Amino acid sequence: MANVANAPRQKVVISTRVDKVSTGARVTSSVRAAIAVIVALIMLIPVAWMAMTAFKTRPDAVAVPPKVFFEPSFEGFVSLLTSRRQLTNDEIAVYQQRTDLGWADQIALIRGQAITGPSAFPRQLLNSLIISGVSTVFSVGFGVLSAYAFSRFPVPGKDDLLFFILSQRMLPPVVVTIPIFLMYRQVGLHDTHIGMVLLYTAFNLSFSVWLLKGFIDEIPREYEEAAMVDGYTRLQAFRRIVLPQATTGIAATTVFSLIFSWNEYAFALMLTSDAARTAPPSIPLVLGTGGIEWAAIAAGSLAFLIPVVIITFLLRKHLLRGVTFGAIRKG
Amino acid sequence: MANIELRGVEKKFGDVFAVKPLDLTIKDGEFIVLLGPSGCGKTTTLRMISGLEAVTVGQILLDGRDVTWLHPSERDIAFVFQFFALYSHMSARDNIAFPLQAAGMARHEVKERVAQVAALLRIDHILDRKPGALSGGDQQRVALARALVRRPAAFLMDEPLGALDAEFRETMRAEIKKLHLAQHATTVYVTHDQIEAMAMGDRIVIMSAAVVQQVGTPTEVYHNPANLFVARFIGSPGMNLVKAKVEPDGARLPGGGLAPISDRWRRALEGSGLEDGSVVLGFRPEAVQVHDGGALRAGVYADDLHGGYTMLHLELADGEIIHGRAARDAMNALGSAVRFDLDPDMMRFFNPETEMAILS
């Protein structure tokens, strides 16, 4: 029962107290929420379809009409994570008699194959993690330092420098792949982790400097000045005041940098072959023998998607919180 | 606690002077107010004392120690910013403790000092809140606590009340003054509000266009302004300034009236070497004495009731408006003619060329 005595005289549009919100406003907000949910679901269909395909058998994956309900299978993951050998009919008969087969071997056997060892994919995924992780740390780390300098100090030729940095971003990466390929081969950076980290750091840095400069410009100078008067050096003030205040910007930049280097395809294809090969160029190569292994490709894409989802999920609080509740009042 | 000495301190941004060479000695325990319109160099001066701004030329001494080129953190001074500059990611308690942690003070001692200063400012109950959840006044108290907790040699305050509502400003003004009296700490306080300056300062430094116009106690700058700028700037409204001519019998106001001058002023004016006796006559509204037998005439242009008194706006014969204070119950119809005298002791004279006060 609504408390009439405390009810406001006018209808309230937004309130945390349900009994105070007018029916109209409640309907509107419900409709809005419903639309948001529907849009989200539509966006999620391809991802959901990919996740389903990853658990389908080969016949299910290519069935017409597409199967929405199916018996889940790890066939895709087995094809993704192992290398296999086609067995002859005689061998199949022998294998079927064996009792020492693991569950993965049994799945392979259905298709008349025997597992010979792990595939390259887990290592490529690890390469992706190392290269994009380290290059993100570098580009955000250097980015926040130079953004701070650009924001606070009278750097000579500041505007020209900033434009120069931004202009790096205007260059389509594909244009320079061949020169970089030749240079990398010359200096021995081809197919190395260091080479890829260097490259991705360079590409992300321009972006992260610009993005972070915007965030640091927003932090009032008085914050650091107060800290400096209170007995801290500039570096201490930077670490204890500026960094915590810039968390939102750092989180956003981290996610953007990570997604760029995680997804990067052209350079990875040209500049890595074996030791430092990352996941993006390898997923399409899981083509299998005698037909496209859709389930394996979907499984690879799913595995590839998960780390980014985890990072974004962990940082969601900072990404959503646009502005901090500042104690500095703009008079 | 300490005295602060500025020797020939100046600041240039490119070719523009932000502060022209300035000499100032601030005594131990003194409350100095830097007063002036925006852009006059008062905040730059304060920031140079703090070390946040480097001086272009000159020396700054703190208790005789040359600190001109020391980092702000090495000067042992506290700064209260206009917009408080509280760290929004820390609680009020951590904000206050922050300067003590810089000095590497032991945890129990930090706790004790924070508790002391919180009790002094009566903010014990809000220590665990984040600044964003505090009212303007409480944010200001936390900012003051952060400055006080370190027991610095001097306090520098940059318009600390500027961000507060008018109502709160009065309360906080009194609180800051009381704190100053209790602590007796050397304080340099920047404001553009002359009422605030008059109320709080032991001495006021009035600046305009990068130059110090006058240094003096509130009474001095109010009654004996050094030049026309100070005369106009101090007081609400400022000093009445009219062109007058000195004659043997007194000062002739525009439009004819003759105001008698005391002997003291007559001698001073004779010695000042003014050509043809042209001066700027200055007098405060309270020097105006409206009565029927007055020697001077004016028309009532407007009158404002201020509760305790009436402010009369009088129009002289040449159209110039002057302000005069009259009794609370004085009734003067608009447009009616009134007669008044000027208190000879409260008249001041300025050289119209140099705009400087003529000294008696």
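The table that follows gives values for the structure above.
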| read-out | value |
| --- | --- |
| Most fluctuating residue given options B:Leu241, B:Leu134, B:Leu156, as computed from a GNM of chain B linking Cα atoms under 10 Å | B:Leu134 |
| Loop GluC sites (Glu not before Pro), the range B:268-340 (other Cβ atoms within 10 Å of the site Cβ: 16 or fewer; DSSP) | B:Glu320 |
| R0 of 30 Å, Cβ-Cβ distance B:Leu305-B:Ser38: FRET efficiency to nearest 0.05 | 0.45 |
| Whichever lysines have a C-alpha closer than 16 Å to that of A:Lys67, once near sequence neighbours (fewer than 8 apart) are set aside | A:Lys56 |
| Low-density loop cleavage sites - trypsin sites (Lys or Arg not before Pro) in the range A:80-109, where at most 13 other Cβ are within 10 Å (DSSP) | A:Arg98 |
| Number of partner chain Cβ atoms within 10 Å, mean per residue of B:84-97 | 4 |
| Averaged over B:65-75, number of beta-carbon atoms from partner chains that fall within 10 Å | 3 |
| Computed lengthening from B:Glu355 to B:Arg232, 0.36 nm per intervening residue step minus Cα-Cα distance | 43.1 nm |
| Per DSSP, loop trypsin sites (Lys or Arg not before Pro) in the range B:249-357 with at most 12 further Cβ within 10 Å | B:Arg328 |
| All aspartates and glutamates inside 14 Å of B:Lys11 as judged from Cα atoms, apart from same-chain residues fewer than 8 positions distant | B:Asp23, B:Glu53 |
| Per-residue [θ]222 nm for chain B (sum of -39500 (n - 2.57) over DSSP H runs n ≥ 4, rounded to 500) | -7500 deg cm²/dmol |
| Gain upon complete extension [A:Val39, A:Arg85; 0.36 nm per residue less C-alpha separation] | 12.1 nm |
| B:Lys12, A:Lys213 arranged by Cβ crowding within 10 Å, fewest neighbours leading | B:Lys12, A:Lys213 |
| Label zone at B:Ile195 (point 7 Å along Cα-to-Cβ), backbone N below 18 Å, the range B:295-323 | B:304-312 |
| 22 Å Cα-Cα threshold exceeded, pairs from B:Lys42/B:Lys243; A:Lys158/B:Lys42; B:Lys12/B:Lys42; A:Lys317/B:Lys130 | B:Lys42/B:Lys243; A:Lys158/B:Lys42 |
| Among A:88-94, A:180-186, the order from most to least packed when residues are scored by Cβ within 10 Å on average | A:180-186, A:88-94 |
| Dipole magnitude (debye, nearest 20) for the range B:4-233, charges at Cβ of Lys, Arg, Asp, Glu | 300 |
| Paramagnetic reach from A:Leu166 (point 7 Å along Cα→Cβ, amide N under 20 Å) across the range A:190-207 | A:202-207 |
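Each value in this text was obtained by applying a stated rule to the coordinates, not by laboratory testing. Small disclaimer: the values here were computed from a predicted structure and weren't measured. So basically every Cβ, Gly included, is an ideal-geometry build from the backbone, and we count neighbours across all protein chains shown.
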